[in-house]
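Here is the structure we will look at, set down as structure tokens.
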Amino acid sequence: MQNIKPGSGGNHYIPYDERSGEESIVYFTRDLSAEGLRRIFERVKQPLTGRIAIKLHTGEKHGPNIIPRPWVENLIQSELPGASIVETNTYYEGDRYTTEQHRETLKVNGWTFCPVDIMDEEGTVMLPVKDGKWFTEMSMGKNILNYDSLFVLTHFKGHAQGGFGGSGKNIGIGCADGRIGKAMIHTTPGSDDMWDIAKEEFMERMTESAKAVVDHFGEHITFVNVMRNMSVSCDCEGTAAMPVVTPNVGILASLDILAVDQACIDLVYAMKNEDHKDLVERIESRHGLRQLTYMKELHMGNDRYRLVDIDHNDALITAAEAVEGVVPFHAE
């Protein structure tokens with residue numbers, strides 16, 4: 001039996017007024033476009049210096065829900081010339097299992113307008129995990145060492161194992177290498193079931209991996225979450241992803257990984273029941289909310305924040321105000 005703190009169970013949503021601690025800043029725009037992405041990135045780009053990596057889920061072949069490529073291309077051309085998208089190979093056998101397969105999938109999906117570094121192509125490196133209960137170090141793609149700064153650009157959505165995929169999942173799973181690191185997170189050593197670790201333990205292992213990345217880059221890391229085409233499925237499911245039924249919301253950005261993921265969750269929970277029921281069921285059935293409470297326990301950020309509406313003169317708004325007027329999803 002795991003020693004889980006009261007209220008930290010991953011199927012229990014903690015309302016804002018029951019949280020304690022400092023507040024971070026989270027920026028918000030309803031403008032789901034290349035220009036909206038550029039404008040909100042302007043608010044959080046200051047930590048990025050030197051050689052910049054963009055951690056982005058590039059998706060399986062023909063995946064319908066990934067962040068639109070033209071948005072990313074526009075952002076790189078206007079704000080991040082010389083930056084590289086970074087990825088790692090997958091743990092499961094599919095279109096990105098080997099480097100050769102992965103590069104072919106990148107071409108199919110159109111990620112050809114800038115360098116894409118498959119960080120575990122030439123090996124791995126162990127990064128320290130500070131204060132973890134599962135790990136003292138995590139195996140990452142070796143090329144993570146080639147960058148001074150990391151821009152975590154995340155498509156926020158559901159996830160079959162994690163409940164939801166935010167910035168924490170993007171780097172916790174996405175920077176761990178495909179053979180060693182991802183196995184450390186997903187699988188009990190010696191198990192015949194490569195996916196046997198689940199619920200609280202899985203969330204904690206994934207979060208400790210994310211902490212290794214956050215600690216490695218220190219002050220030179222920033223986070224943007226895009227709440228668009230939010231299937232209950234991850235982009236790793238490609239064309240097999242479940243249909244999108246959750247309304248599009250907008251884009252959020254912060255220098256605080258916990259605050260930006262928590263704000264996205266708060267916006268989901270602030271929707272009407274008929275709009276969020278599928279995504280909430282996916283999150284709670286997998287105990288995905290443990291990602292947030294464990295980030296707080298590991299001192300990775302704050303679960304309280306000020307939500308700044310950059311569309312309306314930087315007004316401070318609530319999650320309920322942010323999702324006011326969202327309309328049922330219609331496929332584009």
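The values are calculated or read from the model by the stated rules, or taken from the named source; none is laboratory data. Bear in mind the structure is a predicted one, so any value in this text is a computation, not a measurement. Because the Cβ atoms are built from the backbone with ideal geometry, glycine has one as well, and the counts that use them run over all protein chains shown.
Of TYR91, TYR97, all but one fail to be over 26 Å from ILE25 (Cα atoms) and under 18 Å from the mean Cα position of the chain (by Cα); the exception is TYR91. Do we find a residue being without any contact (Cβ under 8 Å) to a residue 12 or more places away in the chain and either touching a Lys or Arg at 6+ places or on another chain (Cβ under 7 Å) or of a type outside the set (Ser, Thr, Tyr) (or both) anywhere in region 114-130? Scanning region 114-130 turns up no residue that is without any contact (Cβ under 8 Å) to a residue 12 or more places away in the chain and either touching a Lys or Arg at 6+ places or on another chain (Cβ under 7 Å) or of a type outside the set (Ser, Thr, Tyr) (or both). Among the residues in region 134-156, are any in a helix (DSSP H, G or I), surrounded by fewer than 24 Cβ atoms within 10 Å (Cβ to Cβ), of a type in the set (A, V, I, L, M) and out of contact with any helix residue (DSSP H, G or I) (no Cβ under 8 Å at 6 or more places or on another chain)? Yes, region 134-156 contains at least one residue that is in a helix (DSSP H, G or I), surrounded by fewer than 24 Cβ atoms within 10 Å (Cβ to Cβ), of a type in the set (A, V, I, L, M) and out of contact with any helix residue (DSSP H, G or I) (no Cβ under 8 Å at 6 or more places or on another chain). Condition test on VAL226, is it under 29 Å from ARG39 (Cβ atoms), surrounded by fewer than 21 Cβ atoms within 10 Å (Cβ to Cβ) and among the β-branched types (Val, Ile, Thr)? So VAL226 does not fit the description; no. The set of residues in region 14-42 that are without any contact (Cβ under 8 Å) to a residue 60 or more places away in the chain, assigned to a loop (DSSP other than H, G, I, E, B) and loosely packed, with under 14 Cβ neighbours inside 10 Å contains only PRO15. Beta carbons closer than 8 Å, at least 6 apart along the sequence or on distinct chains, pair a first residue in region 53-82 that is outside any helix (DSSP H, G or I) with a second that is among the aromatic types (Phe, Trp, Tyr) for ALA53/TYR147; ALA53/PHE151; ILE54/PHE151; LYS55/PHE151; THR58/TRP111; LEU80/PHE151.
When VAL244 is tested against (1) more than 26 Å from ARG51 (Cβ to Cβ); (2) in contact with a His (Cβ under 8 Å, 6 or more places away or on another chain); (3) hydrophobic (A, V, I, L, M, F, W, C); (4) crowded, with 21+ Cβ neighbours inside 10 Å, only condition (2) is not met. LYS45 meets all of the listed conditions (1) surrounded by fewer than 16 Cβ atoms within 10 Å (Cβ to Cβ); (2) assigned to a loop (DSSP other than H, G, I, E, B); (3) at pLDDT 95 or above but one, namely (1).
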